[in-house]
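In what follows, a structure is listed as structure tokens, so that the remarks can point back to it.
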Amino acid sequence: MEIDINLSQFHDIFFEESFEGIEIMESELLNLSPGTADKEIINTIFRAAHSIKGSAGTFGFSEISDFTHNMETVLDKMRNDELVITQQLISVLLSAVDSLNNMLISHREARPYDTTLVENVTAQLERLAPHASTDTPPAKQETSQGNRQAGGSDHSPEQRWRIGFFPFEKLFYSGNDPLRLIRELKALGEFAIKAEVDNLPDFDDLDVHNCYLGWRIQIQGQITREQIEEVFAWVEGDCRLEITREIERRSPEDRRKSPEQSGRRKTDTESRSIRVSTDKIDNLLNLVGELVITQSILNRVCNDLGMDSSDKFLTCLEQLERNTRELQEQTMSIRMLPVDNTFQRIPRIVHDLSIAQGKQVTLEFSGETTELDKTVLEKIGDPLVHLVRNAIDHGIETPDIRVSKGKPEQGTIKINASHEGGYVILRISDDGNGINSDKLLATAIENNLVAEGEELSESQIHNMIFLPGLSTSNEVTDISGRGVGMDVVKRNISDLGGTVDVWSEQGTGSTFTISLPLTLAILDGQVVRVGKQIFIMPLHSIKETLIFHDRDANTVAAKVELYKYRDEYIPLIRLTELFNIEPETSVDHPELLVVFDIGDKHIGIVVDDVIGQQQVVIKSLENNYKSVPGLTGATVLGDGSVALILDVLGLATQHKETGNRVTTA
Amino acid sequence: MEIMNIDTDHLNQGITLQDQNTSTSQLLTFILGGEEYGVDILNVQEIRSWEQATSIPNTPDYVLGVINLRGLIVPIIDLRNRFEMERAEYGPLTVIVIVKLSSKSKSSRTVGMVVDEVSDVYNISEEEIGELPDFGSIVGTEFIKGVASVNEKMVIILDIDMLIDTGVLGNDAESDDDESQALPAIS
């Protein structure tokens, strides 16, 4: 059975699988609630730990397998009701999962890990399960314990089992060694084995890396089905397994079980996703975009030719248009992922933080399947985590305070995602103390952010929480006050083209509402004309569009032009000068001024005409050229021509530095 | 909308039938103010008819703007302008040669070059490419790989990577200075 395989090439698979196992353990541990022993959850954690232990042993990572073995012992005691599940126990196991993660990472990157931490956790685990480090071989010990737990009718004294073990050819690639499994089985009782060599190919076709053998095993002793299944637990899916009990006829239930299981496994793998590079998707999007444009050109050509009289032709064309639109939508949806991916980080943070602060917090998610563009999703994680941290740190009170206020001991944080009119709305609400608006206002006045005596509505005051340099918490804890404030949250969200709002009521709680565009690739734009050029302006930052006469402009030092917009003077940007565009000579109508919101300030951009509103696909200029100041990108219009998308924020900065002068490149 | 897209694969095929020798490279040549310039055909993606580009603000004169190439935004440069040659009217023979660079580790770039007309495809072996004599600073030679003579004519072989990377995109930090020395700044 000695086959020379370089195991290191399978290390990647081992690490990948182990990290998956760690994720499972972590999320399941968080599902575990003190006092109740949910066997299903414990078993899931146990299986994950067991498979890490097994493969770590195969690959020779003995520290990892020893460490996992200690965890297993504790878990085993948990499922046998020998250990009461307490919050403390869960915390120890969570830190064990962390240490395991560290060990795996350091092994993967071939650097030393923090042994003191591991020893510390090991000591804690051993305190929980004093017999953890006995001399019994691990497999034997855990299975004999499993035996006790299984109990019930299966616990008859002597049983004979027939096991057919037929590994798939690629078994070795998952780092499994049949010999190890067979040895483990042998330890269970009286044992007889016969190898099946029918599948062995001719010598010429033999691939030494493949497993062609199968085995029929008879085993007798105090053995339960669970014990046998556990031995094979981590080759499940890599082999065909038949377990039958002799004497007794195979019960119909059992017979049904195995083919069903293997069948389900197969469809599971089939429906799994495939990784595709985003470049490929973007290319596809480009092509589909072109298709849509060709479609609209076709429509126009048909109209011009007067072909719309032919009904049949027209129906075909309509059909084509529908299909094209649908194709476009489908292609767009490839980039979309459920927000669930981002939510996964949160339970652990809530768990750790609530323990650190002696608070009790339950977390409720809803709308996890709501889909969001991948790029947006990646960038929303940090703001979201920050808001949740804030909710625990500043919002939720400690249990005794909550009780004295007549609230339930446990605080609740709800995170909800939903679609609302082209936007994805994320709501983070807590039933904590809410924002203290008096204190917030006082701090704002102290920092000269607001004039004293200014009349402000409650919601205006609440929204001041997003101003830099404001915190309502008296003491700076290690959670907040790290220099990442709410202003950063707001900035991150506006970078994504989204907005964040807060609603709060003193004593009842706060709700933060984040609204995000579905995708970064699409922009709601206002199409405008300056001279002969067409530009796209981002609709979401447009405040309003006004009629503008040259006489309305006031100059400062003959350089900067200002316009009196309501009560303030706002800077005027003339693209004809800034972008050196030939101005329209025959002006038969007044120009228009588009006023933009930039933070809390405004600027105006003079245009010749507003053509309309349109959703445009943002395409990068950098891909083939380089980034150009004042532009966020370009897009292809309905007639196939290219229009540039203005970067209003960039224009404002550029204008501040140079005035309406042409910057020569 | 007249379409004059030539698939360079056909050109390729024609040439491979003539000569299978691997040490030779194939050049696509085009005319620029009566001079014949050549680029490695493997860099050429396609040849398009002249079309109006959307101009980009605050860019050098030789960048005419960007066009929509099947959904890709591709910059168009005027080679006459880049080489400080006399400007020409864009006519029906004016074409855009779309070249693709996948040089170095950078993501590949696609750039269009406006030329007077496409001329021919030649097989040229490495030995036939001669070095360009030193002109000092009269003519910028950093974009020129060498010269070769084909049928008694001189063909100037362009270094596309250099031309696009430093000559158009200005990726090289010092290229701005080099540019102004070799090719006097365009006013």
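The values are calculated or read from the model by the stated rules, or taken from the named source; none is laboratory data. Remember, it's a predicted structure, so these values are computed and weren't measured experimentally. Note: ideal-geometry Cβ built from the backbone for every residue, glycine included; neighbour counts use all protein chains shown. For accessibility, only protein heavy atoms count, side chains too; no ligands or nucleic acids. Shrake-Rupley method; radii C 1.70, N 1.55, O 1.52, S 1.80 Å.
Kindly write out, for the stretch B:111-120 in residue order, the coupling ³J(HN,Hα) from the Karplus curve 6.51 cos²θ - 1.76 cosθ + 1.60 (θ = phi - 60°), rounded to whole Hz, with x marking Gly and Pro.
Calculated HN-Hα couplings, in order: 9, x, 10, 8, 10, 5, 6, 7, 9, 7 Hz.
Please report the spacing between the Cα centers of the stretch A:366-396 and the stretch A:342-359 in Å, no decimals.
Comparing the Cα centres of the stretch A:366-396 and the stretch A:342-359, I get a distance of 13 Å.
Taking the stretch A:339-432, which trypsin sites (Lys or Arg not before Pro) meet the DSSP loop condition and have no more than 14 other C-beta atoms within 10 Å? Kindly include the intermediate steps, with their values, before the conclusion.
Working: sites: A:Arg345, A:Arg348, A:Lys359, A:Lys374, A:Lys379, A:Arg389, A:Arg402, A:Lys405, A:Lys414, A:Arg427; in loops: A:Arg345, A:Lys359, A:Lys405.
Qualifying residues, ordered by number: A:Arg345, A:Lys405.
With the cut-off at 16 Å, report for the stretch A:159-248 the share of all Cα pairs above it, as a whole percent.
Details: 2114 of 4005 pairs.
Counting every Cα pair in the stretch A:159-248, those more than 16 Å apart make up 53 percent.
Ordered by residue, what ³J(HN,Hα) values in Hz, to whole numbers, does the stretch A:172-178 give under the Karplus form 6.51 cos²θ - 1.76 cosθ + 1.60, where θ = phi - 60° and Gly and Pro are x?
Each residue of the stretch A:172-178 in turn: 5, 5, 8, x, 9, 10, x Hz.
Under Stokes-Einstein, with the Kirkwood radius over Cα pairs standing in for Rh, what whole-number D in µm²/s applies to the stretch A:513-602 at 10 °C and 1.306 mPa s? Don't skip to the answer; put the middle values down first.
Details: Rh = 15.1 Å.
This corresponds to a translational diffusion coefficient of 105 µm²/s.
List the chymotrypsin sites (Phe, Trp or Tyr not before Pro) within the stretch A:171-206 that fall in a DSSP loop (any state other than H, G, I, E or B) and whose Cβ has at most 16 other Cβ atoms within 10 Å. Before the final figure, lay out the partial values.
Details: sites: A:Phe172, A:Tyr173, A:Phe191, A:Phe203; in loops: none.
Counting only loop positions with at most 16 other Cβ atoms within 10 Å, none of the chymotrypsin sites (Phe, Trp or Tyr not before Pro) in the stretch A:171-206 qualifies.
What's the percent breakdown of Cα-Cα distances in the stretch A:338-517 across 10 Å bins, shortest bin first?
9, 37, 37, 15, 1
Each residue of the stretch B:71-78 in order: what ³J(HN,Hα) in whole Hz does its phi give by Karplus 6.51 cos²θ - 1.76 cosθ + 1.60, θ = phi - 60°, with x for Gly and Pro?
x, 8, 8, 10, x, 10, 10, 9
State the percentage of accessible surface on the stretch A:522-658 attributable to carbon and sulfur atoms; use a 1.4 Å probe and exclude ligands, DNA and RNA. Intermediate values should be presented prior to the final figure.
Numbers: 3310 of 6660 Å².
So the carbon and sulfur contribution to the accessible surface is 50 percent.
If amide H atoms are built 1.01 Å from N in the plane of the peptide, which residues on other chains or at least 5 residues away come under 5 Å of the amide H of A:Phe168?
Those qualifying (amide H under 5 Å, at least 5 residues apart or on another chain) are A:Cys239, A:Arg240.
Give me the residues in the stretch B:71-97 whose solvent-accessible area, probe 1.4 Å, is reduced by at least 50 Å² once all protein chains are included instead of the chain isolated.
Residues shielded by partner chains are B:Gly71, B:Ile73.
So which trypsin sites (Lys or Arg not before Pro) in the stretch A:522-579 pass both tests, a DSSP loop state and at most 15 other Cβ atoms within 10 Å of the Cβ? Can you show the working numbers first?
Working: sites: A:Arg529, A:Lys532, A:Lys543, A:Arg551, A:Lys559, A:Lys564, A:Arg566, A:Arg574; in loops: A:Lys532, A:Lys559, A:Arg566.
Those that pass, being in a loop and sparsely packed, are A:Lys532, A:Lys559, A:Arg566.
Give me the net charge for the shell around A:Ser95: Cβ to Cβ below 15 angstrom, other residues only, Lys and Arg +1, Asp and Glu -1. Before the final figure, lay out each step's value.
Details: positive: A:Arg127, A:Arg348; negative: A:Glu26, A:Asp98, A:Asp114, A:Glu119, A:Glu126, A:Asp352.
Its environment carries a net charge of -4.
Could you do me a favour and compute the accessible area per residue for the stretch A:7-134, 1.4 Å probe, result in Å²? Kindly include the intermediate steps, with their values, before the conclusion.
Working: 5660 Å² over 128 residues.
Heavy-atom SASA per residue in the stretch A:7-134 reads 44 Å².
Please go through the residue pairs A:Lys379/A:Lys619; B:Lys100/B:Lys153; A:Lys532/A:Lys626; A:Lys601/A:Lys626 and name each one whose alpha carbons sit more than 25 Å apart in this structure.
Values: A:Lys379/A:Lys619 19 Å; B:Lys100/B:Lys153 27 Å; A:Lys532/A:Lys626 23 Å; A:Lys601/A:Lys626 29 Å.
Exceeds cut-off: B:Lys100/B:Lys153; A:Lys601/A:Lys626.
Once a ≥ b ≥ c are taken as the square roots of the eigenvalues of the Cα gyration tensor of the stretch A:509-551, is the result rounded (a/c under 1.5), prolate (a/b larger than b/c) or oblate (a/b not larger than b/c)? Kindly include the intermediate steps, with their values, before the conclusion.
Working: a/c = 6.68, a/b = 1.80, b/c = 3.71.
Since a/c reaches 1.5 but b/c is at least a/b, the shape of the stretch A:509-551 is classed as oblate.
Express the carbon and sulfur contribution to the solvent-accessible surface of the stretch A:7-134 as a percent, rounded to the nearest whole number, probe 1.4 angstrom. Don't jump to the answer; show the numbers that get you there.
Values: 2800 of 5660 Å².
The C+S portion of the solvent-accessible surface of the stretch A:7-134 is 49 percent.
Is the C-alpha gyration tensor of the stretch A:7-134 telling us rounded, prolate or oblate? Criteria: a/c under 1.5 is rounded; beyond that, a/b larger than b/c is prolate, otherwise oblate.
On the way: a/c = 1.88, a/b = 1.56, b/c = 1.21.
The shape class here is prolate.
Between chains A and B, what is the buried accessible area in Å², counting both sides, with a 1.4 Å probe and ligands, DNA and RNA left out, to the nearest 100? Intermediate results must be reported in sequence, preceding the final value.
Numbers: alone 36370 and 10540 Å², together 44800 Å².
By this definition, chains A and B bury close to 2100 Å².
Among the lysines, which fall within straight-line cross-link reach of A:Lys407, defined as a Cα-Cα distance under 20 Å, with same-chain neighbours fewer than 8 residues apart omitted?
Once the sequence-local lysines are set aside, what remains near A:Lys407 is A:Lys359.
Once you sort the root eigenvalues of the Cα gyration tensor of the stretch A:285-332 as a ≥ b ≥ c, which label holds: rounded (a/c under 1.5), prolate (a/b larger than b/c) or oblate (the other case)?
On the way: a/c = 5.00, a/b = 1.91, b/c = 2.62.
Here the stretch A:285-332 falls in the oblate category.
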